[in-house]
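Okay, structure first, notes after.
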Amino acid sequence: MPNQKPVFISFYKALLFIIFTNVALVTSKSTIEPCSNSDSCNSLLGYTLYTDLKVAEVASLFQVDPISILTANAIDISYPDVENHILPAQLFIKIPILCSCVDGIRKSVSTNYKTRPQDTLSSIADSIYAGLVSADQIREANSIADPTVLDVGENLLVPLPCTCFNNTDNGLPAIYLSYVVKPVDTLAGIAASYSTTITDLMNVNAMGSSSVKAGDILAVPLSACASNFPKYASDRGLIVPNGSYAITASHCVQCSCGPGSLNLYCTPASLAQSSAGCNVTSCTYGGYSNGTIITWLSSSLQPRCPGPRQFPPLVAPPSYVTRDSVFAPAPAPQSDGAITTVPKTSTVPSTGSLPGLPPALAPFGSLSDASSLVNSLATLPTALMIYFLIKLISPFSL
């Protein structure tokens, strides 16, 4: 009579498979956007300073240009010695980052951190990077076998959350901010702070309800102005969130997105007049190519270009935290009747359905804290490997 495999062994293996499948999940707190190509986009992080830091130190923490941090928050870059200005602890600012497509998922992988004495993965994730990443995500990204042992001076990759959704929201230009939910936050409050709607936030983040919990990371669409520079321009695809500005053309031109228009408003930068290499001779800017500023009109250099002023009011670098120390965007810009070229909306599949219909052309995200097809597929190979390993070492066979 052939040997009968005990039923409890099959049950035991099935149970182990389910357990290891769940253990293998490195739970992300952020919205996941699947992707299938190697393109990248501009994105933003909502970051709360864990201690007093110079502007240059914050920039070093994320490996970005200090000037880009200042312009993203509408801070005046002509302030004396601005890069060495000390920003106060608990200040909330927006950090511009490059959002890439890595292993089929949108994330930023351009940030590295050099460990110091007393650092732990938890302190790096929760304190230094203000909850934008988890300790498990850092451990997995760096293949750390023992998370309790970190060598001083070790260079760690810090994967950070970001989304692109083709830089559109409801068919209009947008940049997405990765926002860490605070204990006092509500979805209605977040929507009001960033001039969007509860419905839009729920659709973008594939939320089944309007409840949020502290530590979750939401993708928040910020209205923006997109450029229509030619393809050969090095700054083609420039997109600027409403209420902020950007420096381009080798720091010679500044472009802003102001209320009342969906189009960029570009002028000679405040640094241009003191730089002999700028040669900005026009108020009509059409991109930067091979070291040349492309223009269609020629006029004398002016500190302020003619026409309605659309540049956002700039502020001095903050030295203390107030209740209003959140650099939120201005109200969404409105169409001025001009024809604006808008990229097609991203077609990202949703992992859940929401009651009613979403706004037209609204992007759909996938919140990994919920049941996510993306997470299941991403971790299935790991789970299968564990399963077959158990099968191999077991004295019984299936």
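The values are calculated or read from the model by the stated rules, or taken from the named source; none is laboratory data. In this text the structure is predicted, and so the values were computed from the model without any measurement. With ideal geometry, Cβ positions are generated from the backbone for all residues, glycine too; neighbour counts draw on all protein chains shown.
So in segment 197-206, with the set limited to residues that are in a loop (DSSP other than H, G, I, E, B) and modelled with pLDDT of 95 or more, which one is surrounded by the most Cβ atoms within 10 Å (Cβ to Cβ)? Lay out the reasoning, then the answer.
Residues of segment 197-206 that are in a loop (DSSP other than H, G, I, E, B), as a first pass: 197, 205-206.
Now restrict to residues that are modelled with pLDDT of 95 or more: 197, 205.
Working: Thr197: 16, Asn205: 26.
Among those residues, the one meeting the criterion is Asn205.
Failed condition for Leu172, given (1) buried (at least 18 other Cβ atoms within 10 Å of the Cβ); (2) of a type in the set (A, V, I, L, M, F, W, C); (3) modelled with pLDDT of 95 or more, with all others met?
So Leu172 meets the others, but not (3).
Kindly establish whether Thr148 is under 26 Å from Ala226 (Cα atoms), outside any helix (DSSP H, G or I) and of a type outside the set (A, V, I, L, M, F, W, C).
Working: under 26 Å from Ala226 (Cα atoms): no; outside any helix (DSSP H, G or I): yes; of a type outside the set (A, V, I, L, M, F, W, C): yes.
So Thr148 fails the test.
Taking the options Ala72, Ala56, Ala135, name whichever one is in contact with a Ser or Thr (Cβ under 7 Å, 6 or more places away or on another chain), touching a residue at least 24 places away in the same chain (Cβ under 8 Å) and either surrounded by fewer than 17 Cβ atoms within 10 Å (Cβ to Cβ) or small (Gly, Ala, Ser) (or both).
On the way: Ala56 fails: in contact with a Ser or Thr (Cβ under 7 Å, 6 or more places away or on another chain); Ala135 fails: touching a residue at least 24 places away in the same chain (Cβ under 8 Å).
The unique qualifying residue is Ala72.
Of everything in segment 114-124 that's surrounded by fewer than 21 Cβ atoms within 10 Å (Cβ to Cβ) and not in a loop (DSSP other than H, G, I, E, B), which residue is nearest to the chain's Cα centre (by Cα)? Write out each step before concluding.
First, pick out the residues of segment 114-124 that are surrounded by fewer than 21 Cβ atoms within 10 Å (Cβ to Cβ): 114-120, 122-124.
Those left that are additionally not in a loop (DSSP other than H, G, I, E, B): 114, 122-124.
Values: Lys114: 22, Ser122: 21, Ser123: 21, Ile124: 18 Å.
If we take residues in segment 114-124 being surrounded by fewer than 21 Cβ atoms within 10 Å (Cβ to Cβ) and not in a loop (DSSP other than H, G, I, E, B), then Ile124 is nearest to the chain's Cα centre (by Cα).
Taking Leu156 as meeting all but one of (1) farther than 18 Å from Gln63 by Cα; (2) surrounded by fewer than 22 Cβ atoms within 10 Å (Cβ to Cβ), write down the number of the exception.
That leaves (1) as the condition not met.
Among the candidates Ser110, Ser143, which residue alone is without any contact (Cβ under 8 Å) to a residue 60 or more places away in the chain, under 22 Å from Ile69 (Cα atoms) and surrounded by fewer than 21 Cβ atoms within 10 Å (Cβ to Cβ)?
Numbers: Ser143 fails: under 22 Å from Ile69 (Cα atoms).
The match here is Ser110.
Residues in segment 211-255 that are within 19 Å of Asp169 (Cα to Cα) and either at pLDDT 80 or above or within 19 Å of the chain's Cα centre (by Cα) (or both): how many?
Residues of segment 211-255 within 19 Å of Asp169 (Cα to Cα): 217-228, 237-244.
With either at pLDDT 80 or above or within 19 Å of the chain's Cα centre (by Cα) (or both) added as a condition, the list becomes 217-227, 237-244.
Selection size over segment 211-255: 19.
Residues to consider are Ser270, Ser319; find the one that is assigned to a loop (DSSP other than H, G, I, E, B), modelled with pLDDT of 75 or more and more than 22 Å from the chain's Cα centre (by Cα). Please lay out each step first, then the result.
Details: Ser270 fails: modelled with pLDDT of 75 or more.
One residue alone meets the criteria, Ser319.
Give Asp185, Asp151 a once-over and let me know the one that is without any contact (Cβ under 8 Å) to a residue 60 or more places away in the chain, surrounded by fewer than 24 Cβ atoms within 10 Å (Cβ to Cβ) and over 17 Å from Asn205 (Cα atoms). Talk me through it step by step, then tell me what you get.
Working: Asp185 fails: over 17 Å from Asn205 (Cα atoms).
Among Asp185, Asp151, only Asp151 is without any contact (Cβ under 8 Å) to a residue 60 or more places away in the chain, surrounded by fewer than 24 Cβ atoms within 10 Å (Cβ to Cβ) and over 17 Å from Asn205 (Cα atoms).
Within segment 84-107, can you find the residues that are buried (at least 18 other Cβ atoms within 10 Å of the Cβ) and among the charged types (D, E, K, R)? Talk me through it step by step, then tell me what you get.
Here is the first cut: in segment 84-107, the ones buried (at least 18 other Cβ atoms within 10 Å of the Cβ) are 85, 87, 91-97, 99-101, 105-107.
Matches in segment 84-107: Lys94, Arg106, Lys107.
Here's the yes/no breakdown for (1) part of a strand (DSSP E or B); (2) within 25 Å of Asn205 (Cβ to Cβ):
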| site | (1), (2) |
| --- | --- |
| Glu83 | no, no |
| Ile95 | yes, yes |
| Leu98 | yes, yes |
| Arg106 | yes, yes |
| Gly131 | no, yes |
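Give Ser227, Ser193 a once-over and let me know the one that is surrounded by fewer than 20 Cβ atoms within 10 Å (Cβ to Cβ), among the small types (Gly, Ala, Ser), under 29 Å from Val315 (Cβ atoms) and in contact (Cβ under 8 Å) with a residue 60 or more places away in the chain. Lay out the reasoning, then the answer.
On the way: Ser227 fails: surrounded by fewer than 20 Cβ atoms within 10 Å (Cβ to Cβ).
Going through Ser227, Ser193 in turn, just one is surrounded by fewer than 20 Cβ atoms within 10 Å (Cβ to Cβ), among the small types (Gly, Ala, Ser), under 29 Å from Val315 (Cβ atoms) and in contact (Cβ under 8 Å) with a residue 60 or more places away in the chain: Ser193.
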